[in-house]
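Trainee: Quick one: this structure, given as structure tokens, is what I'll be asking you about.
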Number of protein chains: 2
Amino acid sequence: MDISALATPALLVDAEAFDHNLRAMSEALRGPRLRPHVKAHKCTALAARQVAAGHVTFCCATVREMEGMAKAGLGEDLLLANEVLDARRLGDLDARVTVAVDSPETVHAAADGGVKEVLIDVNVGLPRCGCPPDEAGRLADLARSKGLEVRGVMGYEGHVVGLPERTLREQLTKDAMDKLIAAHSQVGGDVISAGGTGTYDINTWATEIQAGSYALMDTAYAHLELPFRQALFVLATVISVGQGYAVADAGLKAFGMDHGNPTVEGAEVWFVSDEHLTFAPSSPVKVGDRIRVTPAHVDPTVAYHERMHLIIGDRVTETWEVDLRGW
Amino acid sequence: MDISALATPALLVDAEAFDHNLRAMSEALRGPRLRPHVKAHKCTALAARQVAAGHVTFCCATVREMEGMAKAGLGEDLLLANEVLDARRLGDLDARVTVAVDSPETVHAAADGGVKEVLIDVNVGLPRCGCPPDEAGRLADLARSKGLEVRGVMGYEGHVVGLPERTLREQLTKDAMDKLIAAHSQVGGDVISAGGTGTYDINTWATEIQAGSYALMDTAYAHLELPFRQALFVLATVISVGQGYAVADAGLKAFGMDHGNPTVEGAEVWFVSDEHLTFAPSSPVKVGDRIRVTPAHVDPTVAYHERMHLIIGDRVTETWEVDLRGW
């Protein structure tokens, strides 16, 4: 099918850039050195491509993502890299399930929900989830006393991964991982899980890297000069042309907006409305033209769309359901 | 069902505030004086409540919304208040369908798609869709020459509806409607469709007001001192507690972020991640507590959720599918 046959807005994945990204990452981080994060794409068909690139361990951010991956037969080693208080849906899964815990309450929830394995989630500098490093050992003891297998630790340097200056990223990753290693020495286990696309080749302390954005990329990560290419676009149709501007049919419900406006090559984006993008093109466009819009943040963009279309040139080669949306 | 049984994040509609909003609006704008905009809620069950309040004409922003409303038997008079270049799905609907047109291309698309009625969309100051006022008459002539019934004009004063100062809203609404009235004199027809929640009682020039946000409301519209109450919340669970902050399980995929962060009463929101909200509560919270988060922008918030739960106090009285999502 030609992309001109797609109703707009439509999520496009440039197959060449996507394949490049998977190849570049799997050459840098082979097999289980990478634990791809499915939250970035929420798509089991895309995850199957990551399996084909050699990665069979995954991490998820929601119970729904865990359920969908298990159902798709991708449950060889699933980590819910997030805290939950009702783990019953996890205990029921036909998959190897590990869940992050950072408090006595989440340890109890894991045990009560029938989960068998946990990682101790450690705060390494980002004010979000994770216990203080010096409490990790005690939490591991509690988990083991409840019959849980403690596989190790995780600690996400989320305050570091987006810093544009590489030397600063390197220094702050080391500082964060010092904390995680200290916690690991108290916890034990084989796993030290950390990192993201922005630190995938910097974080050499972790045994596995939780990167997700690398596969599709966005304009926020594009500032970091990583070897990954922009593979994700929103196809839109010009529906109206005004004096010095034009309007396309992709808006606030087609783009995650927390990192700012999406961008259009050769144009200045003025503003985004619910179903409209008003932009000033540098060369004239006409009603009916198709444009490609680059999202500022991949994860909350994908979460708005029911499907994504893999394209080579102007040809749609595959259509994938974004089947891990919701909670 | 008690709301404590809901998995989080979950979209809540406070029934008392919602009923108040519907009553306040239908007392101000009776029957067809209001054409509720379904883009704000994307929910046919909610639209059915608007019908019960006396409004049977609706406007939509997408073809999918039009299809869903028709399928739900709410197609007595549906306006697609947006431009489309492929109107074939509209021509097939079992409903009275009117579509906005602002160019020869969109007139031809409407005729080719089997649509029978149009409104001439006029630019009244917002740089988005709409033809220049002095081209409206010519476009109406073209539409009639193609066999289309021209019902009148529409022109959205979207640059005005959110201005906090009422006197300025009044003045700029008048300026915008002067343009629309001038265009209407060239176009003819019975309909002058305009307005929004921010100008619902100011815009006395339009024959019908296209308001949507009034039913659920958000923090952006709350600044305008309108008689509508906040009815929409996201229920979240505290999953982690740190030093001076806590983390709840509702993030970028649960909130439209273009108007900034959502808010939590009695707390300062620090930042929002994909599935997390980090906030500093003014009084201590503990892991497992439930909090209510108020979205900054209703429309792109609702579009992330599969369903919304109508609540009275802590009791869920109904659950509605958000069945008009996608395109």
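The values are calculated or read from the model by the stated rules, or taken from the named source; none is laboratory data. Worth saying up front: this structure is predicted, and the values here are computed from it rather than measured. Every residue, glycine as well, gets a Cβ built from its backbone with ideal geometry; the counts of neighbours run over all protein chains shown.
Trainee: State the number of residues belonging to the stretch B:104-114 that are crowded, with 24+ Cβ neighbours inside 10 Å and closer than 21 Å to B:Gly68 by Cβ.
Mentor: Residues flagged as crowded, with 24+ Cβ neighbours inside 10 Å and closer than 21 Å to B:Gly68 by Cβ within the stretch B:104-114 amount to 1.
Trainee: Let me ask something additional. Test of understanding: among B:Val63, B:Val101, which residue is within 14 Å of chain A (Cβ to nearest Cβ), of a type in the set (A, V, I, L, M, F, W, C), buried (at least 20 other Cβ atoms within 10 Å of the Cβ) and within 16 Å of the chain's Cα centre (by Cα)? Before you say what the answer is, go through the steps one by one.
Mentor: Details: B:Val101 fails: within 16 Å of the chain's Cα centre (by Cα).
Testing whether each residue is within 14 Å of chain A (Cβ to nearest Cβ), of a type in the set (A, V, I, L, M, F, W, C), buried (at least 20 other Cβ atoms within 10 Å of the Cβ) and within 16 Å of the chain's Cα centre (by Cα) leaves just B:Val63.
Trainee: Still on this model: I need the full set of residues from the stretch B:1-42 which are in a loop (DSSP other than H, G, I, E, B) and within 14 Å of chain A (Cβ to nearest Cβ), in order please. Reasoning before the result, please.
Mentor: Here is the first cut: in the stretch B:1-42, the residues in a loop (DSSP other than H, G, I, E, B) are B:1, B:6-9, B:29-30, B:35-36, B:41-42.
The answer is B:Leu6, B:Ala7, B:Thr8, B:Pro9, B:His41, B:Lys42.
Trainee: Identify all residues within the stretch A:21-38 that are in contact with a strand residue (DSSP E or B) (Cβ under 9 Å, 6 or more places away or on another chain) and within 19 Å of A:Asp201 (Cα to Cα); write none if there are none.
Mentor: The answer is A:Met25, A:Ser26, A:Ala28, A:Leu29, A:Gly31, A:Pro32, A:Arg33, A:Leu34, A:Arg35, A:Pro36, A:His37.
Trainee: Inspect all residues belonging to the stretch A:74-89 and state whether any of them is basic (Lys, Arg) and under 17 Å from the mean Cα position of the chain (by Cα). Spell out the reasoning first.
Mentor: First pass over the stretch A:74-89, keeping only residues basic (Lys, Arg): A:88-89.
Those still in the list that are under 17 Å from the mean Cα position of the chain (by Cα) too: none.
No.
Trainee: Yes or no: B:Tyr304 hydroxyl-bearing (Ser, Thr, Tyr) and modelled with pLDDT of 95 or more? Quick ask: steps written out before the conclusion?
Mentor: Details: hydroxyl-bearing (Ser, Thr, Tyr): yes; modelled with pLDDT of 95 or more: yes.
Considered against the rule, which asks whether it is hydroxyl-bearing (Ser, Thr, Tyr) and modelled with pLDDT of 95 or more, B:Tyr304 comes out as yes.
Trainee: Is it fair to say B:Ala236 is touching a residue at least 24 places away in the same chain (Cβ under 8 Å), within 14 Å of chain A (Cβ to nearest Cβ), surrounded by 21 or more Cβ atoms within 10 Å (Cβ to Cβ) and hydrophobic (A, V, I, L, M, F, W, C)? Please lay out each step first, then the result.
Mentor: On the way: touching a residue at least 24 places away in the same chain (Cβ under 8 Å): yes; within 14 Å of chain A (Cβ to nearest Cβ): yes; surrounded by 21 or more Cβ atoms within 10 Å (Cβ to Cβ): yes; hydrophobic (A, V, I, L, M, F, W, C): yes.
Considered against the rule, which asks whether it is touching a residue at least 24 places away in the same chain (Cβ under 8 Å), within 14 Å of chain A (Cβ to nearest Cβ), surrounded by 21 or more Cβ atoms within 10 Å (Cβ to Cβ) and hydrophobic (A, V, I, L, M, F, W, C), B:Ala236 comes out as yes.
Trainee: So, of the residues in the stretch B:270-294 that are within 23 Å of A:Gly256 (Cα to Cα), touching a residue at least 24 places away in the same chain (Cβ under 8 Å) and not charged (D, E, K, R), which turns out to be surrounded by the fewest Cβ atoms within 10 Å (Cβ to Cβ)?
Mentor: Going residue by residue through the stretch B:270-294, those that are within 23 Å of A:Gly256 (Cα to Cα) are B:270-279, B:292-294.
Among the residues that remain, those that are also touching a residue at least 24 places away in the same chain (Cβ under 8 Å) are: B:270, B:275-279, B:292-294.
Next cut, not charged (D, E, K, R) only: B:270, B:276-279, B:293-294.
Values: B:Trp270: 16, B:His276: 24, B:Leu277: 30, B:Thr278: 21, B:Phe279: 25, B:Val293: 26, B:Thr294: 19.
It comes out as B:Trp270.
Trainee: Among the residues of the stretch B:148-155, is any surrounded by fewer than 19 Cβ atoms within 10 Å (Cβ to Cβ) and either within 14 Å of chain A (Cβ to nearest Cβ) or not hydrophobic (A, V, I, L, M, F, W, C) (or both)?
Mentor: First pass over the stretch B:148-155, keeping only residues surrounded by fewer than 19 Cβ atoms within 10 Å (Cβ to Cβ): B:149.
From the residues that got through so far, the ones that are either within 14 Å of chain A (Cβ to nearest Cβ) or not hydrophobic (A, V, I, L, M, F, W, C) (or both) too are B:149.
Yes, the stretch B:148-155 contains a residue that is surrounded by fewer than 19 Cβ atoms within 10 Å (Cβ to Cβ) and either within 14 Å of chain A (Cβ to nearest Cβ) or not hydrophobic (A, V, I, L, M, F, W, C) (or both).
Trainee: What number goes with the only condition from (1) surrounded by fewer than 23 Cβ atoms within 10 Å (Cβ to Cβ); (2) at negative phi; (3) in contact with a strand residue (DSSP E or B) (Cβ under 9 Å, 6 or more places away or on another chain); (4) away from every other protein chain (no Cβ under 14 Å) that A:Gly188 does not pass?
Mentor: Only one criterion is unmet by A:Gly188, namely (2).
Trainee: Run down A:Ala220, A:Ala211, A:Ala215 and say which single residue is at pLDDT below 95, small (Gly, Ala, Ser) and touching a His at 6+ places or on another chain (Cβ under 7 Å).
Mentor: Working: A:Ala211 fails: at pLDDT below 95; A:Ala215 fails: at pLDDT below 95.
After ruling out the rest, the residue left standing is A:Ala220.
Trainee: Sticking with this one: Need the failing condition index for A:Leu226 against (1) in a loop (DSSP other than H, G, I, E, B); (2) surrounded by fewer than 24 Cβ atoms within 10 Å (Cβ to Cβ); (3) within 14 Å of chain B (Cβ to nearest Cβ), just the number.
Mentor: A:Leu226 satisfies all of (1) in a loop (DSSP other than H, G, I, E, B); (2) surrounded by fewer than 24 Cβ atoms within 10 Å (Cβ to Cβ); (3) within 14 Å of chain B (Cβ to nearest Cβ) except (3).
Trainee: Something else: Is it the case that the stretch A:161-175 has a residue that's of a type in the set (Gly, Ala, Ser), assigned by TED's automatic domain parsing to the domain that holds A:Glu83, part of a loop (DSSP other than H, G, I, E, B) and touching a residue at least 60 places away in the same chain (Cβ under 8 Å)? If you could, list the steps in order and put the result at the bottom.
Mentor: So the first thing to find is which residues in the stretch A:161-175 are of a type in the set (Gly, Ala, Ser), and the list is A:162.
Retained after the next criterion (residues that are assigned by TED's automatic domain parsing to the domain that holds A:Glu83): A:162.
Going one step further and asking which of them are part of a loop (DSSP other than H, G, I, E, B), we end up with A:162.
Those still in the list that are touching a residue at least 60 places away in the same chain (Cβ under 8 Å) too: A:162.
For the stretch A:161-175, residues of a type in the set (Gly, Ala, Ser), assigned by TED's automatic domain parsing to the domain that holds A:Glu83, part of a loop (DSSP other than H, G, I, E, B) and touching a residue at least 60 places away in the same chain (Cβ under 8 Å): present.
Trainee: Being in a loop (DSSP other than H, G, I, E, B) and of a type outside the set (Gly, Ala, Ser) is the filter here, so list the residues in the stretch B:203-218 that pass it.
Mentor: If the condition is that a residue be in a loop (DSSP other than H, G, I, E, B) and of a type outside the set (Gly, Ala, Ser), then B:Asn203, B:Thr204, B:Trp205, B:Thr207, B:Gln210, B:Leu216, B:Met217, B:Asp218 are the ones that fit.
Trainee: May I pose another question? Could you list all residues from the stretch A:202-223 that are over 10 Å from the mean Cα position of the chain (by Cα) and either free of Cβ contacts under 8 Å to residues at least 24 places away in the same chain or closer than 15 Å to A:Gly158 by Cα (or both)?
Mentor: Selection gives A:Ile202, A:Asn203, A:Thr204, A:Ala206, A:Ile209, A:Ala220, A:Tyr221, A:Ala222.
Trainee: From the list A:Ser4, A:Ser26, which one is of a type in the set (Ser, Thr, Tyr) and under 25 Å from A:Lys71 (Cβ atoms)? Walk me through how you get there before you give the answer.
Mentor: Values: A:Ser4 fails: under 25 Å from A:Lys71 (Cβ atoms).
Just one listed residue meets the conditions, A:Ser26.
Trainee: A follow-up question, please. Go through the stretch B:243-266 residue by residue and tally those that are without any contact (Cβ under 8 Å) to a residue 24 or more places away in the chain, over 16 Å from B:Thr8 (Cα atoms) and either assigned to a strand (DSSP E or B) or within 11 Å of chain A (Cβ to nearest Cβ) (or both). Reasoning before the result, please.
Mentor: So in the stretch B:243-266, the residues without any contact (Cβ under 8 Å) to a residue 24 or more places away in the chain come out as B:243, B:252, B:266.
Subsequent filtering for residues that are over 16 Å from B:Thr8 (Cα atoms) retains B:243, B:266.
Retained after the next criterion (residues that are either assigned to a strand (DSSP E or B) or within 11 Å of chain A (Cβ to nearest Cβ) (or both)): B:243.
So the count comes out to 1.
Trainee: Any residue at all in the stretch A:276-291 that is in a strand (DSSP E or B), within 14 Å of another protein chain (Cβ to nearest Cβ), more than 23 Å from B:Ala110 (Cβ to Cβ) and among the small types (Gly, Ala, Ser)? Steps first, answer last, please.
Mentor: Of all residues in the stretch A:276-291, those in a strand (DSSP E or B) come to A:276-281, A:290-291.
Then drop every residue that is not within 14 Å of another protein chain (Cβ to nearest Cβ), which leaves A:276-281, A:290-291.
Narrowing further to those that are more than 23 Å from B:Ala110 (Cβ to Cβ): A:279-281.
This time we only want the ones that are among the small types (Gly, Ala, Ser), so: A:280.
Within the stretch A:276-291, one or more residues are in a strand (DSSP E or B), within 14 Å of another protein chain (Cβ to nearest Cβ), more than 23 Å from B:Ala110 (Cβ to Cβ) and among the small types (Gly, Ala, Ser).
Trainee: Which ones in the stretch B:296-318 are under 14 Å from B:Lys42 (Cα atoms), in contact with a helix residue (DSSP H, G or I) (Cβ under 9 Å, 6 or more places away or on another chain) and of a type in the set (Val, Ile, Thr)?
Mentor: Across the stretch B:296-318, the qualifying residues are B:Val298, B:Val302.
Residue-wise test of (1) basic (Lys, Arg); (2) surrounded by fewer than 24 Cβ atoms within 10 Å (Cβ to Cβ).
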site: A:Val122; (1), (2): no, no
site: A:Gly125; (1), (2): no, yes
site: A:Leu142; (1), (2): no, yes
site: A:Thr167; (1), (2): no, yes
site: A:Lys179; (1), (2): yes, yes
site: A:Thr197; (1), (2): no, no
site: A:Ser213; (1), (2): no, no
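Trainee: OK, next. Filter the stretch A:295-324 down to the residues that are at the interface with chain B (Cβ under 10 Å from one of its Cβ atoms), under 18 Å from A:Met69 (Cβ atoms) and surrounded by 22 or more Cβ atoms within 10 Å (Cβ to Cβ) and list them by number.
Mentor: Matches in the stretch A:295-324: A:Asp299, A:Val302, A:Ala303.
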